[in-house]
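Novice: Below you will find the structure I want to go over with you.
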């Protein structure tokens with residue numbers, strides 16, 4: 001599906017790879033701003049569409065990603 005405001009992955013999606021393999025995680029926009037910061041997807045990080053467009057235009061392929069969890073949130077450990 002082409003990127004646009006009606007796409008579930010929003011206006012852009014950055015695919016996260018590790019060791020040359022797709023992790024199935026994404027940084028992506030969303031048309032549902034109320035869902036940002038909530039555990040509503042399979043580990044993807046949602047951004048406002050204008051923010052992911054900016055990130056997409058500024059970040060090079062292969063750039064490192066650091067995710068800092070919110071210490072006030074409790075996360076379900078799976079394993």
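The values are calculated or read from the model by the stated rules, or taken from the named source; none is laboratory data. Just so it is clear, the model here is predicted, and its values are computed rather than measured. Methodologically, a virtual Cβ is constructed for each residue, glycine included, from the backbone with ideal geometry; neighbour enumeration extends over all protein chains shown.
Novice: Can you find a residue that is touching a residue at least 24 places away in the same chain (Cβ under 8 Å) and assigned to a loop (DSSP other than H, G, I, E, B) anywhere in region 15-30? Walk me through it before giving the result.
Specialist: Going residue by residue through region 15-30, those that are touching a residue at least 24 places away in the same chain (Cβ under 8 Å) are 16, 27-29.
Then keep just the ones that are assigned to a loop (DSSP other than H, G, I, E, B); that gives none.
Scanning region 15-30 turns up no residue that is touching a residue at least 24 places away in the same chain (Cβ under 8 Å) and assigned to a loop (DSSP other than H, G, I, E, B).
Novice: Take residue 40 and decide whether it is part of a loop (DSSP other than H, G, I, E, B) and either farther than 15 Å from residue 70 by Cα or in contact with a helix residue (DSSP H, G or I) (Cβ under 6 Å, 6 or more places away or on another chain) (or both). Steps first, answer last, please.
Specialist: On the way: part of a loop (DSSP other than H, G, I, E, B): yes; either farther than 15 Å from residue 70 by Cα or in contact with a helix residue (DSSP H, G or I) (Cβ under 6 Å, 6 or more places away or on another chain) (or both): yes.
Spelling it out, residue 40 is indeed part of a loop (DSSP other than H, G, I, E, B) and either farther than 15 Å from residue 70 by Cα or in contact with a helix residue (DSSP H, G or I) (Cβ under 6 Å, 6 or more places away or on another chain) (or both).
Novice: Looking at (1) surrounded by 12 or more Cβ atoms within 10 Å (Cβ to Cβ); (2) at pLDDT below 80, find the lone condition where residue 16 falls short.
Specialist: Status for residue 16: all satisfied but (2).
Condition check ((1) surrounded by 13 or more Cβ atoms within 10 Å (Cβ to Cβ); (2) at pLDDT below 85) across all residues:
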position: 9; (1), (2): yes, yes
position: 23; (1), (2): no, no
position: 27; (1), (2): yes, no
position: 38; (1), (2): no, yes
position: 48; (1), (2): yes, no
position: 70; (1), (2): no, yes
